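First comes the structure, then the notes that go with it.
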Amino acid sequence: FTSELVRAHRTCDLVLKSASLPSTKCVRSWQLNERHYGDLQGQGKEDPIMLETYGEDNVFEWRKSYTVPPPPMGPSHPYWAPPPAPLTESLFDCQERVLKYFREEITPRMHNGSQVLIVAHANTIRALVKVLDSISDENIRGLRIPNSIPLVYKLDENMLPVGEKDDWGFQGEYVISAGTHERLVAVERSQRRVLTALFKALDQNENGSISLGELETGLEKLNWDLTPRTKKLLDQIADRFLLDSDSDIDIEEFIDLARTFWKQQDHFRFVDPRAVPVDKGLYKGASSFQDPEPKPGKGVTKYPVKEGYCETTEFELLRK
């Protein structure tokens, strides 16, 4: 399942091809589109004219509030589209349309035993995480979804997550690979979650512990594409195997070794994500319900008003 936005279904195609599943049916739906930002649609998050027009505090509130939407767009807006496209959305509004689609279209597939891949956007995925993990309205403000790092949920027959909860109630598991560890470190505030993802990437046998052989094989699989600090930590863990090569390391010992090592380095501390204030800075980057409009003469992207319809020019595919 993916949205109608070019960046999402192109990513979905790449994922399916890399998994040797290019013929798998991919269902596109506007209900999985990124949140609609109303009259702010199509403007950069640090656009000086927008900030001057509405005020930085208001823009921040509209972007981060769970229930307060931006001003609605009018018919003269260049991104205006007829129903069913919304005119504006709060995070709550976005969550409601995503959850309705999830319950009506996606959940029945899982009840039938299907494994489901959802390729969508930060706010739509964040809405699913909030409900699956029962995260509070307050804590959801601080939850950031990193780009291009798979997030896996295992659900029981009642569609409830199965797995260990962290202090925030989060039960999803990140799956890192070569090239994504550093990105996860940069975004994820819970270092335990980062270390758990690293441990699972090294645990080649998936038996809850790593041996010296798995450590070496896992590092080759990750191409040693890790932050310098993580490389030093794994050097320390390798030294631990020199002292006791017959005993494997489980997740708790792995994290304890990290705590001890970074305490010695005196430049790291474990952080409770709830204690970290939300950055009021306006992050750069695109976050939009619709694809950006092409420049005049460069091609046309039609907004899909019904599921399964999408028209994209060659220019749009190349540009994305």
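The values are calculated or read from the model by the stated rules, or taken from the named source; none is laboratory data. What you see is a predicted model; the values in this text were computed from it and never measured. Here the Cβ positions follow ideal geometry from the backbone for every residue, glycine too, while neighbour counts run over all protein chains shown. Accessible surface is based on the protein model in full, side chains and every heavy atom, while ligands, DNA and RNA are left aside. Shrake-Rupley method; radii C 1.70, N 1.55, O 1.52, S 1.80 Å.
Things worth noting here:
- Yes/no for SER134 being under 22 Å from LYS154 (Cβ atoms) and either among the hydrophobic types (A, V, I, L, M, F, W, C) or in a loop (DSSP other than H, G, I, E, B) (or both): yes
- The one condition in (1) touching a helix residue (DSSP H, G or I) at 6+ places or on another chain (Cβ under 8 Å); (2) over 18 Å from ARG144 (Cα atoms); (3) open to solvent by 40 Å² or more (accessible area, probe 1.4 Å) that THR67 fails to fulfil: (2)
- All of (1) part of a helix (DSSP H, G or I); (2) out of contact with any Lys or Arg (no Cβ under 9 Å at 6 or more places or on another chain); (3) surrounded by 14 or more Cβ atoms within 10 Å (Cβ to Cβ) hold for PHE60 with one exception: (2).
- Against the test of being surrounded by fewer than 14 Cβ atoms within 10 Å (Cβ to Cβ) and part of a helix (DSSP H, G or I), the options LEU51, LEU14 yield a single qualifying residue, LEU14.
- Of everything in the stretch 86-109 that is under 14 Å from LYS130 (Cα atoms) and touching a Phe, Trp or Tyr at 6+ places or on another chain (Cβ under 8 Å), the residue that is surrounded by the fewest Cβ atoms within 10 Å (Cβ to Cβ) is PHE92.
- LEU32 vs. criteria without any contact (Cβ under 8 Å) to a residue 12 or more places away in the chain, within 21 Å of the chain's Cα centre (by Cα) and closer than 25 Å to ARG144 by Cβ: no
- VAL129 being open to solvent by less than 60 Å² (accessible area, probe 1.4 Å) and closer than 20 Å to VAL152 by Cβ: yes
- Every residue from the stretch 116-148 that is polar (S, T, N, Q) and at pLDDT below 80: ASN139
- Evaluation of LEU233 against the conditions (1) open to solvent by less than 10 Å² (accessible area, probe 1.4 Å); (2) not in a helix (DSSP H, G or I) shows that the sole unmet condition is (2).
- Counting only residues that are surrounded by fewer than 17 Cβ atoms within 10 Å (Cβ to Cβ), in contact with a helix residue (DSSP H, G or I) (Cβ under 7 Å, 6 or more places away or on another chain) and on the phi < 0 side of the Ramachandran plot, the stretch 153-166 holds 2 of them.
- When the stretch 236-287 is filtered for residues that are outside any loop (DSSP other than H, G, I, E, B), within 30 Å of GLU56 (Cβ to Cβ) and either modelled with pLDDT of 85 or more or of a type outside the set (A, V, I, L, M, F, W, C) (or both), the ones remaining, listed by number, are PRO273, ARG274.
- Residue match in the stretch 191-211 (condition: surrounded by 14 or more Cβ atoms within 10 Å (Cβ to Cβ), touching a residue at least 40 places away in the same chain (Cβ under 8 Å), over 17 Å from the mean Cα position of the chain (by Cα) and not in a helix (DSSP H, G or I)): yes
- Count - residues of the stretch 84-125 that are among the hydroxyl-bearing types (Ser, Thr, Tyr), touching a helix residue (DSSP H, G or I) at 6+ places or on another chain (Cβ under 7 Å) and in a helix (DSSP H, G or I): 2
- Of the residues screened, HIS36 is one that is out of contact with any Lys or Arg (no Cβ under 9 Å at 6 or more places or on another chain) and open to solvent by less than 30 Å² (accessible area, probe 1.4 Å).
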